[in-house]
Amino acid sequence: PEAAFNDRLDKQPFTWPAARGAQGEAVDMRVVPGKEAATCDFYYATDLAAGWCALTNAAAGVGFGLAFDPAVFRSVWVFGAYGGWRGHYTTILEPCTGYPYQLEEAVAQGTASQLATGATLDTTVTAVLYHGRASVGEITPEGEVR
């Protein structure tokens with residue numbers, strides 16, 4: 001079945017972190033809604049400047065990040081459940097080879113990666129946990145958090 005997402009955000013592309021809400025209001029995507037928001041978001045980070053992504057709880061100084069090959073993973077899917085999907089409260093970062101998640105649509109718009117019959121692809125994704133930071137400027141392929 002098709003996933004159902006709330007319409008908290010406008011459907012137009014935005015430059016991180018300044019999104020627009022469904023009613024045109026400014027939404028700072030660095031601020032995570034509380035569980036009481038009972039909403040869930042799903043969006044794509046595209047046109048990546050580098051091959052890494054991270055989530056940081058600035059107040060606690062802890063976070064999680066991923067480093068990956070941006071030539072392979074050309075987008076990052078971001079799913080946030082803030083009490084609105086089965087009551088879960090989580091944010092998931094998923095480096096992906098294409099977007100949107102509907103394969104037929106991704107193929108039609110030329111954003112789905114393809115692998116030739118019999119071909120293989122080797123790549124690495126590095127996951128890191130970190131603490132003592134309010135923000136991250138980079139995660140290297142070796143897992144160094146800067």
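Since every read-out is calculated from the coordinates, none of them should be taken as a lab result. All figures in this text were calculated on a predicted structure; none of them were measured in a lab. Note that each Cβ is placed from the backbone with ideal geometry, even for glycine, and that neighbours are counted across all protein chains shown.
Summary of values
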quantity	calculated
3J(HN,Hα) from dihedral phi, the stretch 13-30, Karplus parametrisation 6.51/-1.76/1.60, rounded to Hz, x for glycine, proline	x, 9, 9, 3, x, 8, 9, 10, x, 4, 9, x, 6, 5, 10, 8, 5, 6
Alpha-carbon centroid distance for the pair the stretch 2-45 / the stretch 71-121, whole angstrom	17 Å
Relative contact order (%) - the chain, alpha-carbon pairs under 8 angstrom, separation at least six	23 percent
Computed [θ] at 222 nm, helices only, for the chain once each DSSP H run of length n ≥ 4 contributes -39500 (n - 2.57)	-1000 deg cm²/dmol
Gyration tensor (Cα) of the chain, equivalent ellipsoid semi-axes in angstrom	25, 22, 14
Two-site FRET efficiency, Arg146 against Asp10, from Cβ-Cβ distance with R₀ of 41 Å, rounded to 0.05	0.80
Gain upon complete extension [Ser113, Ala60; 0.36 nm per residue less C-alpha separation]	15.3 nm
Net charge over other residues, Cβ less than 13 angstrom from the Cβ of Thr124 (K, R count +1; D, E count -1)	-3
